[in-house]
Amino acid sequence: GNKRRFGNKKFGNKRRRGDNDTVAAEAGAGASSSGEWDRSNGDFGKWILENAAFETFYQNQPGLIPDGEWDAFLAALRRQLPTAFRVNESAPSAEHIRERLTTYFRPRLDGLEIEGEKYPGPAPIPWYPGQMGWQLPVWKGTLRKNPAFREFHEFLKTETALGTISRQEAVSMLPAFFLKVESPHRVLDTWAAPGSKTAQLLEVMDQNRTQSEELTG
């Protein structure tokens with residue numbers, strides 16, 4: 001089929017990342033018109049977090065970035081996102097999962113030192129109801145590869161596979177609350193990939209319905 005050989009391994013349409021799971025991220029950098037990466041420079045281990053066209057575009061938007069805040073704006077964009085997830089409140093084990101996060105993983109990981117920097121443990125997202133939304137201020141790459149997080153990472157993978165936890169960025173959790181959906185409502189999610197917001201909306205609608213109502217979707 002449509003497979004290419006890289007070294008001694010075959011891959012389909014997906015490109016293989018480097019050993020440190022990072023690739024050059026500058027828009028268009030190193031890519032030919034066919035979509036293949038230019039491997040001539042041999043450097044696949046560094047994220048390029050600069051894009052002149054991107055910066056020019058936002059600098060030319062009147063009033064968008066206040067004077068004196070441009071550097072802080074760029075620094076915020078370049079920070080790695082924390083690991084965020086939410087507990088499926090409809091799951092029978094939801095309370096148990098929240099309890100385990102609160103009494104076991106939070107104190108166990110709090111103050112963990114990585115490369116000379118101490119990190120707080122996983123904590124509830126302040127605005128998420130019922131302490132069902134959680135966040136760990138560690139990038140997913142660190143979570144996956146650092147042995148100190150192995151148990152917690154395996155816990156997240158297992159519970160995600162069981163459907164009791166959904167890995168979802170915190171900002172992606174907001175629409176369900178802003179919409180204030182209820183069980184009689186019909187919602188068209190035009191950005192439904194991979195579907196975490198859709199699943200969250202269904203959970204909210206399921207919680208709000210009465211016993212006489214049937215949820216369809």
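The values are calculated or read from the model by the stated rules, or taken from the named source; none is laboratory data. Since the structure is predicted, the reported quantities are computational estimates derived from the model, not experimental observations. Backbone-built Cβ (ideal geometry, glycine too); neighbour counts: all protein chains shown. For the accessible areas, the whole protein counts, side chains as well, though only heavy atoms, and no ligand, DNA or RNA atoms are used. Shrake-Rupley method; radii C 1.70, N 1.55, O 1.52, S 1.80 Å.
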* Asked: Hey, among the residues in segment 166-194 that are in contact (Cβ under 8 Å) with a residue 40 or more places away in the chain and not in a helix (DSSP H, G or I), which one's farthest from E95 (Cα to Cα)?
  -> E169
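Identify, please: which residue in segment 195-217 is within 13 Å of S90 (Cβ to Cβ) and open to solvent by 60 Å² or more (accessible area, probe 1.4 Å) and is, among those, modelled with the highest pLDDT?
Taking segment 195-217 as the starting set, the residues that turn out to be within 13 Å of S90 (Cβ to Cβ) are 199-209, 215.
From what is left, the residues that are open to solvent by 60 Å² or more (accessible area, probe 1.4 Å) are 202, 207-209.
Values: L202: 85, Q207: 75, N208: 67, R209: 65.
In this case the residue turns out to be L202.
Does R106 count as in contact (Cβ under 8 Å) with a residue 24 or more places away in the chain, basic (K, R) and open to solvent by 40 Å² or more (accessible area, probe 1.4 Å)?
Values: in contact (Cβ under 8 Å) with a residue 24 or more places away in the chain: no; basic (K, R): yes; open to solvent by 40 Å² or more (accessible area, probe 1.4 Å): yes.
No; evaluated as a whole, the condition is false for this residue.
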* Could you tell me which numbered condition R39 fails, if it satisfies all but one of (1) over 30 Å from G195 (Cα atoms); (2) at pLDDT 50 or above; (3) surrounded by 10 or more Cβ atoms within 10 Å (Cβ to Cβ)? => (2)
* Structure fact -> Counted residues in segment 116-165 being over 17 Å from the mean Cα position of the chain (by Cα), closer than 13 Å to R86 by Cβ and not in a loop (DSSP other than H, G, I, E, B) come to 3
* Take R98 and decide whether it is open to solvent by 80 Å² or more (accessible area, probe 1.4 Å), within 30 Å of L201 (Cα to Cα) and assigned to a helix (DSSP H, G or I). => no
* **Condition met for S172 (at pLDDT 85 or above, buried (at least 17 other Cβ atoms within 10 Å of the Cβ) and among the hydroxyl-bearing types (S, T, Y))** => no
